[in-house]
Amino acid sequence: MAIVYSEATKEFHIHNDKISYILQVMPNGEMGNLYFGKRIKHKDDFSYLVEGRLRSLAVYNKENDYFFSQQYSRMEYPGRGTGDFREPAYQILQQNGSLITHFEYESHKIYEGKKKLPGLPATYVEQDDEAESLEIHLYDRQICTECVLNYTIFRDFPAIARSVRFQKKGMEPAVLTRVLSASIDLPDADYEMIQLSGAWSRERSLVSGRLRQGVQGVGSCRGISSAEHNPFIALKRPQTNERTGEVIGCSLIYSGNHLEQVEVDTNNTARIQIGIHPEGFSWRLGEGEEFQSPEAVIVYSEQGMNGMSQVFHKLYRTRLVRGKWRDRERPVLINNWEATGVEFTEEKLLQIAKTGKELGMELFVMDDGWFGGREDDKTGLGDWFVKNREKLPEGITGIASKVESMGMHFGLWFEPEMVNKDSDLYKEHPDWILCPPDRTPQPSRNQYILDFSRPEVIDTIFEMMDRILGSAPISYVKWDMNRYMTDCYSATASAEEQGKVRHKYILGVYSLYERLIRKYPDILFESCSSGGARFDPGMLYYAPQTWTSDDTDAMERIKIQYGTSYIYPLSAMGAHVSAVPNQQVGRETPLQTRGNVAVFGMLGYELDLSKLTNEEKETIRKQIQFYQKYRWLIMQGTFYRLLDPFQNNDSAWMVVSEDQNTALIGFYRRQGVPNGPWIRLYLDGLDENRQYYLETDGDRKTLYGGDELMHVGMVVKEEQLCNHGGDCSSEIFVLQASK
Ligand code: DGJ
């Protein structure tokens, strides 16, 4: 891994043993991109990659010099107004109304390791020799503003982390109206764009389409990353599949409004951009002030989509997630939400917890309904204390201690960013919600958003949460967020500061998380937003796992977990077994299948355990024992998608231990197939030179070569599946290498 600068050609070659990223100071002093892709050997001069010639209608930089035109060059961090007519990476509104900028190379720094991003989540290193970083300092003399482009290349990952910082040096203020985290110009547009899109209860479906001339992209203006579009896109070659071929994946470590887009221009080049969504964003910079963008992570893989995902998984699992729970086995939990909603008594909850303990569950989570006057979704949010002693006679301390004394841990639900009008907090501070004065804010789920851009609001919520967390043995917190942002206006911000509110809100969320995890480092946080509406890398920096979706139907969950696995590791996905008929889709699926899906995530249960038959209890007991035996593998193994549920009736995935000794294969069938074809599953990631037992073969100790299982395929027989291969049937196969 190295970052090499050639003074003679003013080129930077950022590379490790898998990827190269080459930049150059262009003839006009701005930065240009020469190459991003598979590693190429270093040489001191790549300037032949700068292409230029006379073209009609082209805008040039100098009279009588027809070589360099921004319009036809691959720019690194493009502005607008001086000849590049594609989408800019930034825009600065100046005092005189001009948007024209010209940021020229001034200097650079190369250093070992990686700096933190103040107040923002970001990837990190534990030792300086894990990464090398580059800061390129650009300056616009007219507006006395510095722009610093930050790059980090990791030794062990084909990935580059990028962010940008603007700093105002001169007195005259300027307003940033667009600051994306990264922009990359690729020399051709022969790609398909993949996005993870959906809605509540069907988050992160795979959507793809061929690039075409013009701008195409996704984003969120909902205040949070959203169920509709994840902050991610990938460009893959048309022939790339899960196992082979080139792909570039772009992911934003951010939880607020975001934009990911590709512009294909007349010349068939492709400009990828990723960063904070410019809508509603404006950031006024006074003298000496700076703005730091969130971090974007760009991964290049030539090992297909699985190759890209595996890089994101390992990078995010080991160098984005932090704290004690990063490498710890996560507890099997039982959550009361689908069993009781907000209507429960302590007795009912303890009954669920007791049965959970008997079945092997390790953590009881009390969901929504324990605080303030919460009787339904119209009351209580904002009052983070126990008011209703009929529900919880001895408060949180009482129920937490009772659960602990059963030998289980106790977890608690909060929705810190929200308030109901029917709450003490709102009555005392009606101006703490986001809303312009004299307007009526729009309700959603009868709740309103607290103005987390204001420190006094965060302080008050922190104090309430702190009082609860300090008062009882609480091992886990589920942090929910159940509405999108509207009426975004802060009562205390001046007119010219209103454009900062959306971003400051997210910084406020991060700051509250940071205070809580510092004070309570042993608590496992799980983030949630009406299911998976804020499943993003920003959240993972604070909460190692996220509730993947409110949709717990096994057949739907296969798709949701499959799509989510494009970027996020299994260790990040909360996955629960719930009751049938399923509350979201009414489908009946076998308990085995519900378990066989949920074990490929951080396992939990979410149903009234007192209603289970003895047979069901036995099935659950076995599921938990199986999970406890293999959960380390599920958390840390290498995950492969094998058969796509968006395209097929059958779907499959597998996880392989790093030493390639053990593998778990999940196979699922949506609808039974009468007199169906033979099923062969082509496995992946095994050692070609080793022999494996199929443990599910029982006593029949047949050995299969790793090469056979991958190239000839594993034969799956319908009778091996639960439900005899009928509707919603499934099986988990275990492979163990012979000694
Ligand atoms: C939405 C979450 O996704 C559910 O799991 C549950 O916690 C409810 N909120 C509670 O209001």
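The values are calculated or read from the model by the stated rules, or taken from the named source; none is laboratory data. Because the structure is predicted, anything quoted here is derived from the model rather than measured. Neighbour counts are summed over all protein chains in view; Cβ atoms, including those assigned to glycine, are modelled from backbone coordinates with ideal geometry.
Scanning region 478-514 for residues that are crowded, with 22+ Cβ neighbours inside 10 Å, closer than 12 Å to Ser282 by Cβ and over 26 Å from the mean Cα position of the chain (by Cα) yields nothing. Identify the residue in region 537-560 that is assigned to a loop (DSSP other than H, G, I, E, B) and away from the ligand (no atom under 16 Å from the Cβ) and, among all such residues, is surrounded by the most Cβ atoms within 10 Å (Cβ to Cβ). Per the stated criteria, the residue is Pro544. Looking across region 411-431 at every residue that is of a type outside the set (Ser, Thr, Tyr), within 27 Å of Gly341 (Cβ to Cβ) and more than 16 Å from the ligand (Cβ to nearest atom), the one that is surrounded by the fewest Cβ atoms within 10 Å (Cβ to Cβ) is identified as Lys427.
Does region 339-349 hold any residues that are within 15 Å of the ligand (Cβ to nearest atom) and at negative phi, and which are they? Ala339, Thr340, Val342, Glu343, Phe344, Leu349, listed by residue number. You will find that of Leu252, Leu211, the residue that is under 30 Å from Tyr640 (Cβ atoms) and in contact with a Phe, Trp or Tyr (Cβ under 6 Å, 6 or more places away or on another chain) is Leu211 and no other. The strands (runs of 3 or more DSSP E) falling completely within region 272-390 that include 1 or more residues that are in contact with a Lys or Arg (Cβ under 7 Å, 6 or more places away or on another chain) and under 30 Å from Gln625 (Cβ atoms) map to 363-366. Does Ser511 satisfy the condition of being in contact with a helix residue (DSSP H, G or I) (Cβ under 9 Å, 6 or more places away or on another chain) and either basic (Lys, Arg) or within 19 Å of Glu415 (Cβ to Cβ) (or both)? Yes: the conditions hold for Ser511. Looking for something part of a helix (DSSP H, G or I), surrounded by fewer than 23 Cβ atoms within 10 Å (Cβ to Cβ) and free of Cβ contacts under 8 Å to residues at least 60 places away in the same chain - is there at least one such residue anywhere in region 467-477? Yes, that holds for at least one residue. Taken over region 131-154, the criterion of being under 22 Å from the mean Cα position of the chain (by Cα) and not in a strand (DSSP E or B) is satisfied by no residue. Contact map, region 334-348: first residue polar (S, T, N, Q), second residue modelled with pLDDT under 95 and more than 8 Å from the ligand (Cβ to nearest atom), Cβ cut-off under 6 Å, separation 6 or more or different chains; the map is empty. Somewhere in region 168-185, is a residue assigned to a loop (DSSP other than H, G, I, E, B) and either of a type in the set (Lys, Arg) or buried (at least 18 other Cβ atoms within 10 Å of the Cβ) (or both)? Among the residues of region 168-185, at least one is assigned to a loop (DSSP other than H, G, I, E, B) and either of a type in the set (Lys, Arg) or buried (at least 18 other Cβ atoms within 10 Å of the Cβ) (or both), which makes the answer yes. Would you call Glu497 part of a helix (DSSP H, G or I) and free of Cβ contacts under 8 Å to residues at least 40 places away in the same chain? No; evaluated as a whole, the condition is false for this residue.
As for region 614-633, it holds no residue that is of a type outside the set (A, V, I, L, M), assigned to a loop (DSSP other than H, G, I, E, B) and more than 28 Å from the chain's Cα centre (by Cα). A count restricted to region 566-584 and to residues that are within 13 Å of the ligand (Cβ to nearest atom), in contact (Cβ under 8 Å) with a residue 40 or more places away in the chain and assigned to a strand (DSSP E or B) stands at 3.
The residues on offer are Glu695, Glu688, and the sole one that is surrounded by fewer than 19 Cβ atoms within 10 Å (Cβ to Cβ), of a type in the set (Asp, Glu) and modelled with pLDDT of 95 or more is Glu688. If Gly360 meets every condition in (1) on the phi > 0 side of the Ramachandran plot; (2) of a type outside the set (A, V, I, L, M, F, W, C); (3) within 16 Å of the ligand (Cβ to nearest atom); (4) out of contact with any Phe, Trp or Tyr (no Cβ under 6 Å at 6 or more places or on another chain) apart from one, which number is that one? If we test Gly360 against (1) on the phi > 0 side of the Ramachandran plot; (2) of a type outside the set (A, V, I, L, M, F, W, C); (3) within 16 Å of the ligand (Cβ to nearest atom); (4) out of contact with any Phe, Trp or Tyr (no Cβ under 6 Å at 6 or more places or on another chain), just (3) comes out false.
For region 479-507, taking the residues that are within 16 Å of the ligand (Cβ to nearest atom) and out of contact with any helix residue (DSSP H, G or I) (no Cβ under 9 Å at 6 or more places or on another chain), the one that is nearest to Ile461 (Cα to Cα) is identified as Asp480. Among the residues making up region 519-536, those that are under 16 Å from Phe414 (Cα atoms) and away from the ligand (no atom under 15 Å from the Cβ) are Tyr520, Ile523, Leu524. Remark: pairs (first residue in region 153-173, under 11 Å from Lys18 (Cα atoms); second residue of a type in the set (Lys, Arg) and at pLDDT 95 or above; Cβ separation under 6 Å; 6+ apart in sequence or on different chains) = Pro158/Lys18. Going residue by residue through region 508-518, is there one that turns out to be within 16 Å of the ligand (Cβ to nearest atom) and part of a helix (DSSP H, G or I)? No, every residue in region 508-518 fails to be within 16 Å of the ligand (Cβ to nearest atom) and part of a helix (DSSP H, G or I). Taking the listed residues Asp368, Asp376, the one that is within 27 Å of Met602 (Cα to Cα) and within 14 Å of the ligand (Cβ to nearest atom) is Asp368, with no other qualifying. All but one of (1) farther than 21 Å from Val501 by Cα; (2) polar (S, T, N, Q); (3) part of a loop (DSSP other than H, G, I, E, B) hold for Ser255, so report the exception by its number. It is condition (1) that Ser255 fails. With respect to Pro238, is the statement that it is part of a loop (DSSP other than H, G, I, E, B), surrounded by fewer than 22 Cβ atoms within 10 Å (Cβ to Cβ) and in contact with a Lys or Arg (Cβ under 6 Å, 6 or more places away or on another chain) true? So Pro238 fails the test.
Entry remark, region 379-394: residues being away from the ligand (no atom under 13 Å from the Cβ) and crowded, with 20+ Cβ neighbours inside 10 Å number 6 in total. Of the conditions (1) within 22 Å of Met602 (Cα to Cα); (2) free of Cβ contacts under 8 Å to residues at least 60 places away in the same chain; (3) within 16 Å of the ligand (Cβ to nearest atom), Ile352 clears all except one; give me its number. Exception for Ile352: condition (2).
Scanning region 435-463 for residues that are surrounded by 23 or more Cβ atoms within 10 Å (Cβ to Cβ), assigned to a loop (DSSP other than H, G, I, E, B) and touching a strand residue (DSSP E or B) at 6+ places or on another chain (Cβ under 8 Å) turns up just one, Asp451.
Going by the structure shown, is Gly563 buried (at least 24 other Cβ atoms within 10 Å of the Cβ), more than 16 Å from the ligand (Cβ to nearest atom) and either assigned to a helix (DSSP H, G or I) or at pLDDT below 95 (or both)? Criteria met by Gly563. Residues considered: Gly372, Gly323. Of these, the only one that is buried (at least 16 other Cβ atoms within 10 Å of the Cβ), of a type outside the set (Phe, Trp, Tyr) and either within 29 Å of the chain's Cα centre (by Cα) or modelled with pLDDT under 95 (or both) is Gly323.
Note on region 1-35: residues that are under 22 Å from Gly307 (Cα atoms) and either in contact with a strand residue (DSSP E or B) (Cβ under 8 Å, 6 or more places away or on another chain) or in a strand (DSSP E or B) (or both) amount to 9.
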